[in-house]
Amino acid sequence: MTEGKWLAPPELGDVNINPNQLAIFNLDNNHSGIHINKADFLFSWRNKFIHDPTIGGHPAFNIKDINQF
């Protein structure tokens, strides 16, 4: 894996994160891979998120068929 750039999914709108606080190692163009970020205590407030994924982390899974899963 090589370090790449994170592009927010269009449905999230303009997600505001400082690129100096984030390292992305993409496996593809669908946000698969490893995301490492520094805690940003205002991230959820700036982006109107209920949960701040930069604090405490979050699991993320990519599956082809949610019904089959």
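The values are calculated or read from the model by the stated rules, or taken from the named source; none is laboratory data. Being a predicted model, the structure only gives us computed values, none of them experimental. Reconstructed Cβ throughout: ideal geometry from the backbone, glycine too, with neighbour counts over all protein chains shown. For the accessible areas, the whole protein counts, side chains as well, though only heavy atoms, and no ligand, DNA or RNA atoms are used. Shrake-Rupley method; radii C 1.70, N 1.55, O 1.52, S 1.80 Å.
In the chain, if every C-alpha pair distance is counted and binned at 10 Å from zero, what percent goes to each bin?
It works out to 18, 50, 28, 5, in whole percents.
Just the number, please: carbon plus sulfur as a percent of the accessible area of the chain, 1.4 Å probe, no ligands or DNA/RNA counted.
Values: 3360 of 5900 Å².
Exposed carbon and sulfur together represent 57 percent of the surface.
With a 1.4 Å probe and all protein chains left in place, how much accessible area per residue does the chain have, in Å²?
Value returned for the chain: 86 Å² of accessible area per residue.
With only Lys, Arg, Asp and Glu charged, each at its Cβ (+1 for the first two, -1 for the last two), find how big the charge dipole of the chain is about the Cα centre; round to the nearest 20 debye.
Values: 5 positive and 7 negative charges, 23 e Å.
Roughly 120 debye for the chain.
Which residue fluctuates the most in the chain, going by a Gaussian network model with Cα springs under 10 Å, if the choices are N20, N47, N37?
Maximum fluctuation in the GNM of the chain, among the listed residues, is at N20.
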